[in-house]
Structure formats: structure tokens, C-alpha cells
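The values are calculated or read from the model by the stated rules, or taken from the named source; none is laboratory data. The shown structure was predicted, so the numbers you read here are calculated from the model rather than taken from an experiment. Ideal geometry is used to build each Cβ from the backbone, glycine not excepted, and the neighbour counts take in all protein chains shown.
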Amino acid sequence: MLEISGKHPDKSDGELLGKFQHSGNLDLLGELYSRYMHLVYGVSLKYLGDRDDAQDAVMQIFEKLITDLPRHKVQNFKNWLYVLTKNHCLMEIRSRKSAENRLEGLKIEQEFMESGEELHPIDREDSSIEDALKECIEHLKAEQKQCIELFYYQKLCYQEIADSLKMEEKKVKSYLQNGKRNLKICLEGKNVR
């Protein structure tokens, strides 16, 4: 794992973050990140369930910080990093599931989640409904359409969508939920399930 000694133990997170964003000095970012690597590792281990995968996530998230931090106004680094880590892990899990589904093909028994609920058509890798799905997406309200496209097609996490559309993360979740519901209604109207 990444090991950085603290050259500026007297500096606050905000000061180190500001200096990094101003200078691009990776040593400053490394020092700031080292304060929370245990948090990143713990969250990653919780979600990914494997020590090696969690260690990989720690490194991947550091690399992501290099490109993402200069584009964001971060008020509380620890909280922002926690959300970034959680979203990274969820996207990793989602990507693995998507790859597994492609390898195994779509079987009827895979269309049910552990709770017994049927997967939403947009969550399935089913090319036979792609045209109907795209047509239904076009009929969504603008905000729902944007959120659906960014989440499902551009693979952005909630926070990235919120930042991109300049809205609160809970609004993004609401638009996604309502958009999915409206898509399902539209697809059912076209006899697509």
C-alpha cells in the first residue's frame, strides 16, 4: 500500500488540499491521502470483501484523486473521500456483475435479485429491448433523462452526476428512481418486460 510520511502534520486537511489544488504537488496529495488510507481500505474491504481487491482499490482511488480533485470544490475531504470510495466500490461491484452476466448470458433465474424482485429492464443486458428502451428514454422528463443517461450509459456515480448537473445528490437519486419507474411503465405499455 501507499506509504507517505507526514511532512506537514500541523497543516489541516483543507490547507493541504488547497495547496495541492493550487500546485498539483502529488506529495501534498499523498500526505493528505495517507491520513485516510485506513478509512479507504476499511470501506473497500467492507464492500469488496477481499483484502487484495481492497488494496487495489486504495491505489485506484489515489489515482482517481489526482484527476478528480482539481475539478471539485471539496469542503470536507474526509466525507468526500468516503463517498468517492463507496461509489468506486459500488461501481466495481456493478461492473463485475455486468461482466458476469455477459459471460453467463441472460438466464431467467438471473433476472431475480436475492430479495426476489425482478431486475429493472435497464439493469439487464438485453439487446432485444434496446430500441424500445431508447425510445422510452426519449419520452422522460429532461432531468430524469439526463440522470439515466449519465448513470447507465456513461457509468457516472451519483456524486459525479450531481456535480455535472449542479444539483444535490439526493435529487439525482430521486430522478433516477422516478426515471426507472417511468421507463418500466413505458416498456410495459409496449409489452416489453
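For the range 100-119, the criterion of a residue being modelled with pLDDT under 90, crowded, with 17+ Cβ neighbours inside 10 Å and among the hydrophobic types (A, V, I, L, M, F, W, C) is satisfied by no position. In the set (1) closer than 30 Å to LEU81 by Cβ; (2) at pLDDT 65 or above, ASN191 fails one condition alone, (1).
Of the residues making up the range 136-193, those that are of a type outside the set (Lys, Arg) and outside any helix (DSSP H, G or I) are HIS139, LEU140, GLN154, LEU156, CYS157, MET167, GLU168, ASN191, VAL192. Residues that are modelled with pLDDT of 85 or more and over 28 Å from ILE93 (Cβ atoms) are absent from the range 63-70. Filtered by the rule that a residue be aromatic (Phe, Trp, Tyr) and either more than 12 Å from the chain's Cα centre (by Cα) or surrounded by fewer than 17 Cβ atoms within 10 Å (Cβ to Cβ) (or both), the range 153-178 gives TYR153, TYR175.
Of the candidates LYS145, LYS184, LYS170, the single residue that is charged (D, E, K, R), closer than 30 Å to PHE62 by Cβ and either modelled with pLDDT of 85 or more or touching a His at 6+ places or on another chain (Cβ under 8 Å) (or both) is LYS170.
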